[in-house]
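Each value in this text was obtained by applying a stated rule to the coordinates, not by laboratory testing. Note that the structure is predicted; figures quoted are calculated from it, not measured. Quick reminder, even Gly has a Cβ in these numbers, built from the backbone with ideal geometry, and neighbours come from all protein chains shown.
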Amino acid sequence: MFLFLSKKILEVSFTLVGITFICFLLLRLVPGDPVLLMIGERNMDPVAYAEAKQKLGLDKPVLVQFGKYIEQVASGDLGTSVTSKTSVWTEFKERFPATVELSFVALLFATLFAIPFGVLAALKKNTFFDYFLMGSSLTGYSMPIFWWGLVLILLFSVKLGWTPVSGRIAVEYDIPLKTGFYLLDSLQRDVREAEGLKPFWSAVSHLILPSIVLGTIPLAVMARMTRSSFLEVLGEDYIRTARAKGLSEYRVVLIHSFRNALIPIVTTLALCFGSIITGAILTETIFSWPGIGRWIVTSITSRDYPTIQGGVLIISVIIIITNTLVDLLYIYLNPRIKNALLK
Amino acid sequence: MKDFFSELLKDIKKNKGAFAGLLLILIFILLAIFAPLLSVYAPDQVIEGALRLPPNSHFQNYYFIFGTDDIGRDLFTRLLYGSRISLLVGLSVVVLAASLGTSLGLISGYFGGWTDRIISRAMDFIMALPSVLFAIVIVAVLGPGLMNAIVAVSIVALPNFVRLIRAQVLAEKNKQYVQAAQLYGASHLRILFKEILPNCMAPLIVQGSLGFSDGILNCAALGFLGLGAQAPTPEWGTMLSDARSFLESSPWMVNLPGLCILTVVLSFNLLGDGLRDALDPRLKNRS
């Protein structure tokens, strides 16, 4: 177990250094002078230019520069945005809760629908119902979500007027941010005393469409996974034994099958995290959601390279760490692997 | 090989979904090839005054079955030519990623050791980043444009092929036919491409079909973000993005390209699923 963990940690650190190197190279590979890119100015006088170059360490050899970059990143300095002149870390911190809130609700939506759909499809295997559910799931999986978002806006916001088009909360509510999660912040005591539950419902209504859009692909993936995982478990000997004992179908499905079918489902759920970030980039662009996805896209269009560099680094670190935790969770959930490692 | 494909075709015919997917793909291919014959307009031809006409409209002597866009171009024509771009994008991504990925996977699995470790770690880096984010990073370096988007999306698709082939090679390389070839004095190149590769075809075909849909979808997403094909190229994702501001007044400008993307991607996924069912011996025996 110890050997496995140390191997895992070594592997992760290797990947982290690699990603840092890619991000470091990013600014140097972009066409144009890195000094001007980092300062964000077009025409500098030569003296200021030389000063800036020295200050940024760009006059040193590349490996020394990389060493310095690692040192800088390790001390929490991810660079300064060219457009807003604030630190990339501060910008990230402001936007991250928005993405987390959206992703959480989206995954919740996906799980709540995917598991029942998958179980039902498995139980009614090869019926019209199964074909319908799996057909819809494949359609969901093939959906260009940037179009799906626009279709939902057209239907529910423009035609029916049920949901707001963009943003996180109606502009009339100016709630003090403590956690950065509007669903929680709108429930603070002073907000509730002043406005009642209206800000909370406003935040909920703003979340509905973006989370459906962001949750669509994970929903499709998980429904398919749940179905195949259930089909596999339902074919096992112990399920036949359970049925032979005369247990009710309800007991067979919920007690005997569910736990065992859950392992691959949990892993799929966790692995959806990476695709959630991809989805967030598109979803946040459609709904003007002020999260990290939109932040990256706007920094690309405004050629704000320090922000892209820092932003990509933070996002990849988060994903690498999450994926490692998922691997460990998988081992914890699957006693066969756990026992093999403990030996 | 001929038997393999006729057998495969028989399996696909039995699977309704896969068959529908294959038919739709064939239709799109025909539309793409015969685009100039099917439309009287050019994709960037502007008909003055014919701004944002809804589908099935007449204007002077012109007829627009799918309507026109915001500067008066025939939408049907643009979608037709768009199918050329999307299919070519899918094909380029699959060819690039599959050829490079297959070679890397063969080398990595066959030689093992340091070569394997370096290639596998490099693939881990690519897999560590979410696909669109990684593609965005590459496009940020190379600059926006269709070609760069294709390169970016192919790099993102690379690990799927490398891992698949590597795993396959590991399973094959200790089999007797490989040892026989080695004893016979065959070169590494010959063993890799003539002996081992033909036995990796089944998963490669499945991955190729799924890679097609991923490639089309990712390139369209980059187009939508303004990082892929640039206007006036009639690329579906770019067309959709350009039409966003007319969502309320002229929804067909958004919905038709969206439907096209969905249909093509869905067709390749249906086919890919069917191929997997037909080619995966485990699934085949079960049914």
Given the range A:65-128 reduced to its alpha-carbon atoms as identical point scatterers, what log10 I(q)/I(0) does the Debye formula return at q = 0.17 Å⁻¹?
-0.75
To test your reading of the geometry: what angle, between 0 and 90 degrees and rounded to tens, separates the Cα axis of helix A:292-301 from the longest principal axis of chain A?
40
Label zone at A:Ser136, where the point sits 7 Å out along the Cα-to-Cβ direction: the range A:180-215 residues whose backbone N lies under 17 Å:
A:212-215
How far apart, in nm, are the 7 Å Cα→Cβ label points at B:Met147 and A:Lys60?
3.7
Please rank A:Trp162, B:Trp236, B:Trp252, fewest neighbouring Cβ atoms within 10 Å first, as an exposure proxy.
A:Trp162, B:Trp252, B:Trp236
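Using r as the Cβ-Cβ distance of A:Thr127 and A:Asp174, and R0 as 41 Å, what FRET efficiency do you calculate, to the nearest 0.05? Show your work: numbers first, answer last.
Details: r = 53 Å, r/R0 = 1.29.
Taking R0 as 41 Å, the efficiency between A:Thr127 and A:Asp174 is 0.20.
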Relative compactness, the range B:10-121, computed as alpha-carbon Rg over 2.2 N^0.38 Å
1.67
Between the Cα axis of helix A:88-123 and the main Cα principal axis of chain A, the angle (0 to 90°, nearest 10) is 20
Rough spin-label spacing in nm, given labels placed 7 Å along Cα→Cβ, for A:Glu51 and B:Lys175
7.0
The range B:85-229 - Rg (one decimal) and Dmax (whole number), Cα, Å
16.6, 55
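Can you pull the mean other chain C-beta count within 10 Å for peptide A:27-34? Before the final figure, lay out each step's value.
Values: counts 2, 1, 5, 4, 3, 0, 0, 0.
Mean shielding by partner chains, rounded to a whole number: 2.
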Convex hull volume of chain B per residue (C-alpha atoms, cubic angstrom)
156
About the Cα centre, and with charges only on the beta carbon of Lys, Arg (+1) and Asp, Glu (-1), how big is the dipole of chain A? Nearest 20 debye, please.
1220
Taking every Cα atom in the range B:164-228, find the radius of gyration and the maximum pairwise distance Dmax, and write them in Å.
17.6, 55
Among B:Ser92, A:Phe4, A:Thr139, whose Cα lies farthest out toward the positive end of the dipole of the protein assembly as shown, if unit charges sit on the beta carbon of Lys, Arg (+1) and Asp, Glu (-1)?
A:Phe4
Reachable lysines, given that their alpha-carbon falls under 28 Å from the alpha-carbon of B:Lys16 and they are not under 8 places away in the same chain
A:Lys124, A:Lys125, B:Lys2, B:Lys284
For an R0 of 56 angstrom, estimate the FRET efficiency from the Cβ-Cβ distance between A:Leu25 and B:Asn61 and round to the nearest 0.05.
0.45
Crossing angle, helix A:258-287 versus chain A [Cα axis fit, 0-90 degrees, rounded to tens]:
40
Could you calculate the FRET efficiency of B:Ser249 with B:Lys10 from 1/(1 + (r/R0)^6), where r is the beta carbon distance between them and R0 is 51 Å, rounded to 0.05?
0.55
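For the range B:18-65, what is the per residue volume of the convex hull drawn over the alpha-carbon atoms, in cubic angstrom? Spell out each step's value before the answer.
Details: hull volume 4.9 nm³, N = 48.
Taking only Cα atoms, the range B:18-65 has a hull volume of 102 Å³ per residue.
Percentage of Cα-Cα pair distances in chain A greater than 28 Å, rounded to whole percent? Write down the numbers at each step before the final one.
Working: 33496 of 58653 pairs.
Looking at chain A, the distances longer than 28 Å represent 57 percent of pairs.
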Place a +1 charge on the Cβ of each Lys and Arg in the protein assembly as shown and a -1 charge on the Cβ of each Asp and Glu, then give the dipole magnitude about the Cα centre in debye, rounded to the nearest 20.
2220
Applying the span-like rule to chain B (DSSP H, Cα extent along axis at least 24 Å, Kyte-Doolittle mean at least 1.0) gives B:16-33, B:75-111, B:146-172, B:201-224, B:252-279
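Can you give the average number of partner chain beta-carbon atoms within 10 Å of each beta-carbon in peptide B:121-127, as a whole number?
Details: counts 4, 1, 0, 7, 10, 2, 5.
Taking the mean over all residues of the peptide, I get 4.
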Residue among B:Gly215, B:Ser249, B:Phe34 farthest towards the positive dipole end of chain B, charges placed on Cβ:
B:Gly215
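Relative to the compact globular guide of 2.2 N^0.38 Å, what is the alpha carbon radius of gyration of the protein assembly as shown, as a ratio?
Working: Rg = 26.4 Å, N = 630, 2.2 N^0.38 = 25.5 Å.
That works out to 1.04 for the protein assembly as shown.
Taking beta carbons within 10 Å but only from partner chains, what does the mean come to for residues B:237-245? Display every interim value, and only then the final one.
Numbers: counts 3, 0, 0, 4, 4, 0, 1, 5, 0.
Mean shielding count: 2.
First obtain the Kirkwood hydrodynamic radius of the range A:133-237 from its Cα pairs, then insert it into the Stokes-Einstein equation at 25 °C and 0.890 mPa s, and state the resulting D in µm² per second as a whole number. The partial results should precede the final answer.
Numbers: Rh = 16.2 Å.
Result for D is 151 µm²/s.
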Between A:Phe258 and B:Leu23, what is the label-point separation in nm under the 7 Å Cα-to-beta-carbon projection?
4.1
Dipole moment magnitude, nearest 20 debye, the range A:70-154 about Cα centre, only Lys, Arg, Asp, Glu C-beta charged:
340
Peptides A:4-17, B:189-202 ordered by average Cβ neighbours within 10 Å, highest first:
B:189-202, A:4-17
